[in-house]
1. Can you tell me how many residues within the stretch 183-213 are surrounded by fewer than 22 Cβ atoms within 10 Å (Cβ to Cβ) and more than 27 Å from Gln259 (Cα to Cα)?
2. Filter the stretch 265-285 for residues that are crowded, with 22+ Cβ neighbours inside 10 Å and not small (Gly, Ala, Ser); which is farthest from ligand 1 (Cβ to nearest atom)?
3. On the given criteria, is Asp13 of a type in the set (D, E, K, R), within 13 Å of the chain's Cα centre (by Cα), within 16 Å of ligand 1 (Cβ to nearest atom) and in a helix (DSSP H, G or I)?
4. Does the stretch 24-38 hold any residues that are assigned to a loop (DSSP other than H, G, I, E, B) and away from ligand 2 (no atom under 14 Å from the Cβ), and which are they?
5. Looking at Glu109, Glu90, which one is of a type in the set (Asp, Glu) and within 25 Å of Tyr250 (Cβ to Cβ)?
6. Restricting attention to the stretch 8-23, does a residue exist that is away from ligand 2 (no atom under 15 Å from the Cβ) and either under 26 Å from Ala194 (Cα atoms) or surrounded by fewer than 22 Cβ atoms within 10 Å (Cβ to Cβ) (or both)?
7. Within the stretch 288-315, which residues are touching a Ser or Thr at 6+ places or on another chain (Cβ under 6 Å) and surrounded by 21 or more Cβ atoms within 10 Å (Cβ to Cβ)?
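Bear in mind that the values in this text are calculations on the coordinates, not laboratory data. These numbers were taken from a predicted model, which means no experiment stands behind them. Using ideal geometry, Cβ is built from the backbone for each residue, glycine included, and neighbour counts are taken over all protein chains shown.
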Amino acid sequence: MQSVLMDVDTGIDDALALVYLLSRPEVTIQAITCTAGNVGARQVALNNLALLELCGRAGVEVAVGAEVPLEIPLVTTEETHGPQGIGYAELPRPAGEISPRHAVDVWVETVRAHPGEITGLITGPLTNFALALRREPDLPRLLKGLVIMGGCFNYQGNTTPTAEWNVSVDPHAAQEVFAAYSGLPQDSLPVVCALETTERIEMRPEHLQRLAEAAGAGEPELVLPEQPEGQRSRSRNLLVACLSDAIRFYMEFHRLYDQGFVAHMHDAFAAAVAVGRTPFQTRPATVHVETGSPRLIGTTVADFRGIWKEPANARIVVSNDPGQCFDELIASVGALARSLPLRSS
Ligand code: BDR
Ligand code: CA
């Protein structure tokens, strides 16, 4: 069994990451904590609760933490992820409630209770985790491992010319987290999935078609560039329909920015990395996050060659296998979808 504690800002690709982990029989999600990012933290929590219920997994704790970044005002991005954060998907209001525990308490208490057993997965800004580290500086040693989706190294940003979204929303938190790992043994350093490898996880219409087939859908699931914007899925499989409606929005967004009718599934890749189900290679590096310069704030810089003469504080993913990653996501999520009841037409 593998235990994962997630912190997310759901988010279309966070949604796929969550559904993917729910689809893995060997994975236990200890809890899901919510950070403001793509949308506000409470909306993130509602999205997670609704997705858990859609997947028949109500009961996983969903907690909210910091609702704003450490030092700068919150910016959200409904333009990228839709008004509620899950594109065109509209899920019923969840029956489950947000946990009364604060996200920081969830991290500290859960990891202390299971030393050496939990893999942390963070696919949103690092606000909650930075606050948890202030409370329990030993978290890096108590965790089994940590996987972060964030940053970009020698590669253009997706939020400013040099900054990636998760780091850009809370650069001070990201800088604190990397500083906290300085000088720790290499096998405990965070594995960082940054844009240069996550933008290779490019979802295309054929992947959605394959997902619906894997779910046993009778009709082909067609999300096509020539269709009117906002067209909704007619799939009787509610999980297929949800992912299709969410990802269509993300594909339209990427097209708007001249990236084609595709969607980058950053967070789903990070989830597959966290549970060891997709191949990747890393290189150790010393990472700093720019927090001062107005034009460069949120920029992540990696020293791979020891030029700063500071110990490594991260392992940056330098290669991955998008084809295998999609095979894995489609087979696993497809099998989960196939097991769910269909909506009556
Ligand atoms: C990251 O930013 C968010 O919009 C995505 O969910 C992902 O975590 C990519 O830069
Ligand atoms: Ca995210």
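1. Qualifying residue count, the stretch 183-213: 6.
2. Thr278
3. Values: of a type in the set (D, E, K, R): yes; within 13 Å of the chain's Cα centre (by Cα): yes; within 16 Å of ligand 1 (Cβ to nearest atom): yes; in a helix (DSSP H, G or I): yes.
In short, yes.
4. So in the stretch 24-38, the residues assigned to a loop (DSSP other than H, G, I, E, B) come out as 24-26, 35-38.
Residues satisfying the conditions are Arg24, Pro25, Glu26.
5. Values: Glu109 fails: within 25 Å of Tyr250 (Cβ to Cβ).
The unique qualifying residue is Glu90.
6. Residues of the stretch 8-23 that are away from ligand 2 (no atom under 15 Å from the Cβ), as a first pass: 22-23.
Checking which are either under 26 Å from Ala194 (Cα atoms) or surrounded by fewer than 22 Cβ atoms within 10 Å (Cβ to Cβ) (or both) leaves us with 22-23.
Yes, the stretch 8-23 has at least one match.
7. Of everything in the stretch 288-315, those that are touching a Ser or Thr at 6+ places or on another chain (Cβ under 6 Å) and surrounded by 21 or more Cβ atoms within 10 Å (Cβ to Cβ) turn out to be Val289, Gly298, Thr299, Ala312, Asn313, Arg315.
For every residue, the table says whether it meets (1) within 16 Å of ligand 2 (Cβ to nearest atom); (2) out of contact with any helix residue (DSSP H, G or I) (no Cβ under 7 Å at 6 or more places or on another chain); (3) touching a residue at least 24 places away in the same chain (Cβ under 8 Å).
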position	(1), (2), (3)
Trp107	no, no, yes
His114	no, yes, yes
Glu117	no, yes, yes
Leu121	yes, no, yes
Gly124	yes, no, yes
Asn128	yes, no, yes
Leu133	no, no, yes
Asp138	no, yes, no
Arg141	no, no, yes
